[in-house]
Amino acid sequence: NKGKLSLFTMLAMLSVIPLVISVAIISIISCNITKANMEEAAKQKLHIVANNLASHCHENEINVINVSNYYEYIDSLKDQGIEMAIILEDSPCNTSIKNENDFRIREINFKIDVLAERENLGDGYFEEGVVIEGKPYYAYCMPIEVNGEITGVAFAGELQESVTGQIDSIIKTFVSVAVVLIIVCSVVAILFGSRLLKTFKSVQNSIGELAQGSLAKQKTRKSAIKEMSSLLNATDRMQENLSATIGKVKDNSEK
């Protein structure tokens with residue numbers, strides 16, 4: 001039997017390995033879907049906020065002098081982790097984002113020049129990884145229209161880490177549930193395998209006794225598994241039949 005797998009090892013492999021693979025695949029797919037859905041939800045949320053800001057500024061004469069009147073509005077969602085800004089041509093950016101000295105920043109850098117492209121923004125421009133004060137943001141921009149002319153851009157942004165932090169928390173939950181599920185199922189498989197192994201060893205011992213010529217009646221054994229119960233009963237019948245046959249042979253020999 002050297003080099004061969006035991007029944008217990010085979011049962012453990014057949015029960016645990018497929019479970020681990022299945023849980024891993026389901027967890028990876030679920031995490032990817034969750035991540036994609038949360039990023040899409042963040043994009044849609046910022047789209048709504050940027051669009052509302054653009055609508056709030058619609059048909060209002062906004063310039064470098066009166067833009068401070070909008071500070072209350074652009075600061076209104078800071079407690080929810082959403083920053084806003086009004087970006088006008090030939091003037092600093094006016095935003096709710098502040099630097100480490102608690103001053104409002106004056107510039108947001110995108111991959112494209114949103115002011116130069118404001119006529120082409122259409123239903124908005126989304127960009128991830130917009131670095132502001134050393135931190136990456138999800139950002140959405142919408143054109144601001146005044147008197148039929150697009151004069152500026154409304155910006156809405158959210159720290160990427162606030163979204164990825166939620167994703168990481170969900171992933172940890174998935175992993176924790178997967179580990180607990182694997183442990184529970186492994187314990188059940190081990191207990192079941194141990195009981196099944198005891199039954200096989202009992203049959204092995206009975207057949208071993210017969211091979212040694214012992215026909216003494218063995219202790220009655222039972223199993224909840226139909227096939228194992230049939231095997232035990234067949235072993236008992238075989239022992240009884242052999243005992244009866246040898247008894248007849250002895251009687252005939254004596255005669």
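The values are calculated or read from the model by the stated rules, or taken from the named source; none is laboratory data. It should be emphasised that the depicted structure is a prediction, and the values quoted were computed from it without experimental measurement. Note that we place each Cβ from the backbone using ideal geometry, even for glycine, and neighbour counts take in every protein chain shown. All accessible areas refer to the heavy atoms of the entire protein, side chains included, with ligands and DNA or RNA removed. Shrake-Rupley method; radii C 1.70, N 1.55, O 1.52, S 1.80 Å.
Conditions tested, residue by residue: (1) modelled with pLDDT under 85; (2) open to solvent by 80 Å² or more (accessible area, probe 1.4 Å); (3) within 30 Å of Tyr137 (Cβ to Cβ); (4) in a loop (DSSP other than H, G, I, E, B).
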residue: Lys2; (1), (2), (3), (4): yes, yes, no, yes
residue: Leu19; (1), (2), (3), (4): yes, no, no, no
residue: Ile28; (1), (2), (3), (4): yes, yes, yes, no
residue: Ile33; (1), (2), (3), (4): no, yes, yes, no
residue: Ala36; (1), (2), (3), (4): no, no, yes, no
residue: Ala42; (1), (2), (3), (4): no, no, yes, no
residue: Leu46; (1), (2), (3), (4): no, no, yes, no
residue: Asn63; (1), (2), (3), (4): yes, no, yes, yes
Q. If you take the residues in the range 85-141 that are touching a helix residue (DSSP H, G or I) at 6+ places or on another chain (Cβ under 9 Å) and small (Gly, Ala, Ser), which one is farthest from Tyr70 (Cα to Cα)?
A. Gly129
Q. Does Ser76 qualify as being at pLDDT 80 or above, among the small types (Gly, Ala, Ser) and either within 24 Å of Val131 (Cβ to Cβ) or outside any strand (DSSP E or B) (or both)?
A. yes
**Q.** Search result, residues across the range 226-255 that are assigned to a helix (DSSP H, G or I) and among the basic types (Lys, Arg)
**A.** Lys226, Arg237, Lys248, Lys250
Q) Which of the residues spanning the range 78-109 are under 20 Å from Ser55 (Cα atoms) and crowded, with 18+ Cβ neighbours inside 10 Å? A) Ile82, Glu83, Met84, Ala85, Ile86, Ile87, Leu88, Cys93, Asn94, Thr95, Ser96
Q. So which of Glu117, Glu128 is without any contact (Cβ under 8 Å) to a residue 12 or more places away in the chain and either in contact with a Phe, Trp or Tyr (Cβ under 8 Å, 6 or more places away or on another chain) or open to solvent by less than 50 Å² (accessible area, probe 1.4 Å) (or both)?
A. Glu117
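Every residue, every condition in (1) at pLDDT 70 or above; (2) open to solvent by 40 Å² or more (accessible area, probe 1.4 Å), yes or no:
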{"position": "Ile207", "(1), (2)": "yes, yes"}
{"position": "Gln218", "(1), (2)": "no, yes"}
{"position": "Met228", "(1), (2)": "no, no"}
{"position": "Leu231", "(1), (2)": "yes, yes"}
{"position": "Arg237", "(1), (2)": "yes, yes"}
Q) Hey, which of the strands (runs of 3 or more DSSP E) in the range 124-218, taking only ones fully inside, have at least 2 residues that are in contact with a His (Cβ under 7 Å, 6 or more places away or on another chain)? A) 135-146
